[in-house]
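To start, the structure itself, in structure tokens.
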Amino acid sequence: MTQTAWVLSLSQFYLSLGFVLCFLALELGLAWVLFGFRLFAGRSQAALLAYRFWVRVFALSLILGFAASLLLVLQLGTLWPGFMDRAGEVAGPLVGMAVLTAFIFKSCFLGAMLYGQRTLSARAHTLVVGMVALGTSLTAWWIVVLLAWMQWPVGATLSEGRYHVADWLELLGGGLAPVLFGVLLAGGLLLAATLMLAVTAWRTEIRPSDAGDRSVYAWGLRLVLLALVLQAVLAATLGRDLLPLQPARVASVVPQWTSGPPARLSLAAWPDESRQHDAWRLAGPPGWAAWVHLPAEGPLRGLNDLAGIRPPLMATYVSARLAVLLTGTLAVLAGWALWRGHRLGHEPDNLSRAGRAGLWLMAWLAALLQAAGWGHLLIGSLPYAIQGTVSLREIGTDASEGVLWAVLCLQIVVFGALLAGFYQLLRHATRYGVVPVARHRGRA
Amino acid sequence: MIESLAALLGLGAQDPAFWMPLALIVVFFAVVVAGVLLDGFDIGVGCVSLVAPPALRPRMLSLLGPWRDANEFWVFLGVGLFAAAFPYAWPQILGRLYLPLSLLALGTMLRSVCFEWRLRAPSEHQGRWQFGFGAGAVLVAFSHGYILARVVVAYQPGLGNTGFAVLMGGCAVAAYSLLGAAWLMMREAGELRVRAVSWARRTLRWGAVGAVGVSVVLDFSNAGVFLKWGDGSHWLAVGLVWGTLLLCFVLTEMTLQRMISHSYRASALPYALVLVIVLTVLGGLAYSFFPYLVLDEMTLWDAAAPVATLRLALSAVVIALPVALIFNLWVYWRMLGRSRPPSPPDFRP
């Protein structure tokens, strides 16, 4: 396949994957937050009010993630036809299980959660909400297992060009899957919490706050900080697990220009690819190689040794720094917001203009952080589909560039329209409250 | 027939490597048929909602409401099952259907999202979401026809084949519109029914072009299929299939004419006849293809995953079946006959 076709395929695939992951994370985070609200709803009116509003936002994000996932699964076959030929024995059942889990939990519990609050007892409804959160997590688990397996293929052996499963348990629970799932869950909680704060800030600007707003504001501030710390710790763990396995990623992140003993990590640098050195660099901590379990004397493969089997340098390098920088910025903002919230007595009505803008900013930064982090994970593993063995180029489609362009444009139009719609509906719900939508089985 | 097939593959009829792929392809075909039958009117109503007067559109869409949750899942179940049970067919099939499958996925996405959001949007924007639902339905219908045409000619390239695929895509839009219109005239009276009759009359002949075109091209583009139907021993089946198709099309045309000039009795008849047509065509296609997934290239046993994975897939089917039956299939029991309004909820102090 040509370079243009490769870039076009990759853009399409990452666009769908990013869309699905973003809304899956938000759905996951909101599902557990809603379960928390529902648990306390019996005792506190505030939690019930918060539940009633946020369950609608949950429904909005759920439908987006769900609808986009079909495109993602089909693109696995249409853009990378060779993938299933190599890894069908691993990926096929995982895709099937994700569909099955989503089907079972959606059929059994989701309808009862969204439309059955009046007909079910409080305890039964709480249970149903818990089951929806569990089902969402389980569905996400299968997807994360596949993504993690592509970074580090454990539990399967490669023979005659095809992967064969050796141990399902190791494949499902070993490797990077648990940590990566934690990163997704923490990211989802962060997205949910920052979105809740941003929406509350906007809601209380146009009308006086109610008990629900106050409780969301108070708990959202704590959740942001908690999720941020959790994600930072898990992402660091993921990095320590991942780096020794992927020399090309290490070389691009440091950057290590020539093979030999580990070069000193740079905090920030301008890697000049044509001259094979850093135009300027700010040196980082010296002990980093031992921290990620790299041999101190090396040899570590450098970029000069990895021509053709390494990721794009700039994107890999910058995305890692961007993720760290955003985490730091968010931590500062979240700490400030928590302190301000404490000073204001957790009353969102008292928020200043700058305070509201700060909460909005946090929501956007949290989304950007997820994009940078996941972007680093995915781009850093290029050009491989399955790390070390199967490259994306050899499994790519032979569709013509014209068709690829056309579909990419159509995809951008559809995604853009739906994102704009999501934003607009969120604003509408914030402004005028939620629209109750009834559903009657078998009657219309 | 089963024994001879098994012997041909060098496997016993009791061997899991033989019967498991067979069982799973039957389940897959059942999902496809269920998708076309149960989701078909949904796609069709979406297609015709684009040409309906704006005042009627909200009612048309709300008629679909009770089955939306269940309808969304057929395509997912089909893809999931195909991924788990026949992963090695993905390069040969999905790799060659890039364009129509992308359209299918984007159309499905539009349909799901727009339907859910249209009621939650501010009222001045609801028209846009209704349009999105209709556009998604047209994309899905077109891609179904396109996929069918590509599959039937075994993915041969060429301008003629592409033209045929585009024609079949158009015919599929017509066929789904026919199905949707026939369903609407059974569900509702009044202006909607009058309009549905006229939509059905306009799409009926293009539906016929699609049904005949796909069968004839399949017959003449592949010697094996031609021999299967035309070796003289199947004359009864051949006659029955074409007789059924002809009879159903003629009867539908007559019923529609009658609905215009005389009366609205037997308003469910067109829907039933169109369903018979769809089932006949699908059954004929399945018989022609068996045991190939890609004609003359790949049988379902070539494409099947190893037995351990198939066992997993079969147990997943066994788990999913009761859920589908209890939670999803029973909602369909009221999809026939006149629409009944929902009863108001009990007042609870």
Within chain A, what's the longest stretch lacking GluC sites (Glu not before Pro) that sit in DSSP loops with no more than 13 other Cβ atoms inside 10 Å?
A:1-159
Hey, got the average number of other protein chain Cβ atoms within 10 angstrom for residues in A:421-433?
2
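Under the rule that an exposed site lies in a DSSP loop and has at most 11 other Cβ atoms within 10 Å, name the longest stretch of chain B with no trypsin sites (Lys or Arg not before Pro) of that kind, not counting the sites themselves.
B:1-264
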Once amide H atoms are placed 1.01 Å from N in the peptide plane, what residues at a sequence separation of 5 or more from A:L300, or on another chain, have their amide H within under 5 Å of its amide H?
A:G260
If you build a Gaussian network model of chain A, linking Cα atoms that sit under 10 Å apart, which residue out of A:H428, A:H346, A:H125 swings the most?
A:H428
Taking every pair of distinct Cα atoms and averaging 1/r, then inverting, what Kirkwood hydrodynamic radius in Å comes out for the protein assembly as shown?
28.5 Å
Region B:176-210 versus region B:121-169: alpha-carbon centroid distance in Å:
19 Å
Which whole-Hz ³J(HN,Hα) couplings does region B:312-322 yield from phi under the Karplus relation 6.51 cos²θ - 1.76 cosθ + 1.60, θ = phi - 60°, glycine and proline marked x?
4, 4, 5, 5, 4, 4, 5, 6, 6, 4, x
Would you give the gap between the C-alpha center of region B:1-28 and the C-alpha center of region B:77-108, rounded to a whole Å?
24 Å
Would you pull out the residues with amide H under 5 Å of A:S391's amide H, same chain only if 5 or more places away, H placed 1.01 Å from N?
A:A385
Modelled label-to-label distance, A:W291 and A:E160, 7 Å Cα→beta-carbon offset: nm?
4.8 nm
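Net charge near A:L418, counting Lys/Arg +1 and Asp/Glu -1 over other residues with Cβ under 14 Å of its Cβ? Please report the intermediate quantities before stating the final value.
Numbers: positive: B:R111, B:R118, B:R120, B:R128; negative: B:E116.
Taking every other residue near A:L418 into account, the sum is +3.
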Once phi for every residue in region A:289-295 is put through the Karplus expression 6.51 cos²θ - 1.76 cosθ + 1.60 (θ = phi - 60°), the whole-Hz ³J(HN,Hα) values, with Gly and Pro written as x, are 5, 5, 5, 9, 6, 9, x
In whole Hz, the Karplus estimates of ³J(HN,Hα) for region A:300-306 (6.51, -1.76, 1.60; θ = phi - 60°; x where Gly or Pro) are 10, 6, x, 4, 5, 8, 10
Would you work out if region A:234-374 is rounded, prolate or oblate? Take a ≥ b ≥ c from the square roots of the eigenvalues of the alpha-carbon gyration tensor; rounded if a/c is under 1.5, else prolate when a/b is larger than b/c, oblate otherwise.
prolate
Distance from region A:152-169 to region B:277-349 (C-alpha centre basis), Å:
31 Å
Have a look at B:A89, B:A308, B:A137 and tell me which one the Gaussian network model of chain B (Cα, springs below 10 Å) gives the largest fluctuation.
B:A308
Taking amide hydrogens as modeled 1.01 Å from N in the peptide plane, which residues meet the under 5 Å criterion relative to A:D278, leaving out close sequence neighbours?
A:D272
Please average, across the residues of B:111-118, the number of beta carbons from any other chain that are within 10 Å of each residue's own beta carbon, and give a whole number.
5
Normalised contact order of chain A, rounded percent, pairs of Cα under 8 Å and 6 or more residues apart:
20 percent
Theoretical ellipticity at 222 nm over chain A - DSSP helices of four or more residues, -39500 (n - 2.57) apiece, nearest 500
-24000 deg cm²/dmol
Segment A:W405-A:Y432, length gained on full extension (0.36 nm per residue, minus Cα span):
5.7 nm
How far is it, in nm, from the label point at B:A266 to the one at A:A236 when both lie 7 Å from their Cα along the line to the Cβ?
7.8 nm
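Every number here is computed from the coordinates shown, using simple stated rules; none is lab data. Being a predicted model, the structure only gives us computed values, none of them experimental. For neighbour counting, all protein chains shown are included, and Cβ atoms are generated from backbone atoms with ideal geometry for every residue, glycine included.
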